[in-house]
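Asker: My questions all concern the structure below.
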Amino acid sequence: MTETRTLDNGVRVIIKHMEGLLSVTMGVLVGTGAAFETNEEDGISHFLEHMQFKGTPARTAFEISDAFDALGAQVNAFTGKDMTCYYAKATSDHAAEAFGLLADLFLNSNFPEEELKREKGVVLEEINMDEDSPEDLCLDYLSRAAFGAQNYGRNILGPADNVKRFTRDDLFAYKEACYCPENIVVSFAGNLSAKTALALAEKYFGAMKCGNFKKRQKTVVWQAGRNFKKKSIEQAHFAIGFPAAKRESKQCPAVQVMNAILGGGMSSRLFKRIREELGLAYSVYSYPSHYEEAGMLTVYAGVNPKKAVDAKDAIVALIGELKEKGVTEEEFLRGREQVKSGSIFAQENTSSQMLLYGKQMLYKNEVYDFEKRMSEISKLTRGDVLRAVAENFDFSRAAVASVGNLEEGIVL
């Protein structure tokens, strides 16, 4: 059973009641992230997310974490390109207390100056860690190659220089501009009654003030660029990005089945050809990203630098074969079942359901319809996937990124 409510101030609430469980996941989703930032703000969504945990008038940073631990509850947050999410998971009998703590850190964080200085060091080390994680770095470079230096091309962590100069005033100003009731969804999933969940949302978020919220607009242009960073490491990492279906496209389910066939698992063509048959890579995969204005289908591989060109050529040839010869009926049926089972498995996980229902409400202002999702996947035909293959693999528009000990970057 699912219930929704919009509070008087504009905060949207959605509750997915899941009987037979002993826990509940509670999330607060905000419609902002790296893609909405200006150059001066680049990285502030992520830094703000960190600072939200660093103290309120009622609790210090340690007291916040200690209070969650005392309940046996889990708490965390993450920043994405177009969404930031704060969430807690607790046993049903401690849900009210855990949600009160989550609401306190979300609504009342006061960003103590000493914590600000300390957390800058933490985030700078996170940036350094990203630099030392060539797979992540390669995918960041691919986003920049595909979308440029704005919106979806931004690195979520932001540049170190920005992090160093962010002030408490910067955090308060950004929060006031973006953390507004109209831009927030409170999502519950698990064994908690709708009555209790609504009462909790009203208690803590009903008095949240309405500001002069104005949704920030993004100008998204596909760049089809090329990025390369020479790095003295053992492997070479490269990724190819193709423009793909955006979030509202009816083609998304077909793209997801197509991706399962291409590089979504151990039976995929990429895994079997590049790893098992040719032995060119340990890690090779593909995945789709669907945004409001655009989408991207990413193909990634980590290889021996001496074999990087061979691996790239093999991947290009494999995709060429996919475009020329299509997919078999067996591949189509297997890929469709993989996509269906992924949605079914998510139905049994409170964290997945909290995020799934919350995102659907945040992005589309509607309730996620599981039956509709199953129907869309079940109705897919092999012809739908063949059309997705034809329309989503355009090498003339592909973006490319590579990181590693190469003389030059990977070129298609």
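Asker: Can you pull out the residues in region 347-368 that are at pLDDT below 95 and either under 30 Å from LEU322 (Cα atoms) or of a type in the set (Asp, Glu) (or both)?
Answerer: GLU348
Asker: Starting from residues that are of a type in the set (A, V, I, L, M, F, W, C) and without any contact (Cβ under 8 Å) to a residue 40 or more places away in the chain, keep the ones in region 335-355 and report whichever is surrounded by the most Cβ atoms within 10 Å (Cβ to Cβ).
Answerer: Within region 335-355, the match that is surrounded by the most Cβ atoms within 10 Å (Cβ to Cβ) is ALA346.
Asker: So, in region 294-319, how many residues would count as being open to solvent by less than 30 Å² (accessible area, probe 1.4 Å) and either free of Cβ contacts under 8 Å to residues at least 12 places away in the same chain or within 27 Å of the chain's Cα centre (by Cα) (or both)?
Answerer: Summing the residues that are open to solvent by less than 30 Å² (accessible area, probe 1.4 Å) and either free of Cβ contacts under 8 Å to residues at least 12 places away in the same chain or within 27 Å of the chain's Cα centre (by Cα) (or both) in region 294-319 gives 13.
Asker: Sticking with this one: Given the residues SER375, SER402, SER352, which is the only one that is among the hydroxyl-bearing types (Ser, Thr, Tyr), more than 30 Å from GLU182 (Cβ to Cβ) and part of a helix (DSSP H, G or I)?
Answerer: SER375
Asker: List the pairs whose first member sits in region 153-169 and is open to solvent by 60 Å² or more (accessible area, probe 1.4 Å), whose second member is not β-branched (Val, Ile, Thr), and whose Cβ atoms are under 7 Å apart, counting only residues at least 6 apart or on separate chains?
Answerer: Correct list of pairs: LYS164/LYS120; ARG168/PHE111; ARG168/GLU113; ARG168/LEU116.
Asker: State all residues of region 2-48 that are assigned to a strand (DSSP E or B), of a type in the set (Ser, Thr, Tyr) and in contact (Cβ under 8 Å) with a residue 12 or more places away in the chain; if no residue qualifies, say none.
Answerer: Passing the criteria: THR2, THR4, SER23, THR25.
Asker: Here's another thing I want to ask about it. Has region 49-69 got at least one residue that is over 25 Å from GLY295 (Cα atoms), assigned to a loop (DSSP other than H, G, I, E, B) and polar (S, T, N, Q)?
Answerer: Yes, the conditions are met somewhere in region 49-69.
Asker: Can you name the condition, by its number, that ASP136 falls short on among (1) touching a residue at least 24 places away in the same chain (Cβ under 8 Å); (2) under 28 Å from LEU356 (Cα atoms)?
Answerer: Unmet condition: (1).
Asker: With respect to GLY320, determine if the residue is within 27 Å of GLU408 (Cα to Cα) and assigned to a helix (DSSP H, G or I).
Answerer: It is true that GLY320 is within 27 Å of GLU408 (Cα to Cα) and assigned to a helix (DSSP H, G or I).
The values are calculated or read from the model by the stated rules, or taken from the named source; none is laboratory data. Quick caveat: nothing in here was measured; it's all calculated off a predicted structure. Backbone-built Cβ (ideal geometry, glycine too); neighbour counts: all protein chains shown. Protein only, heavy atoms only, side chains kept; ligands, DNA and RNA dropped before computing areas. Shrake-Rupley method; radii C 1.70, N 1.55, O 1.52, S 1.80 Å.
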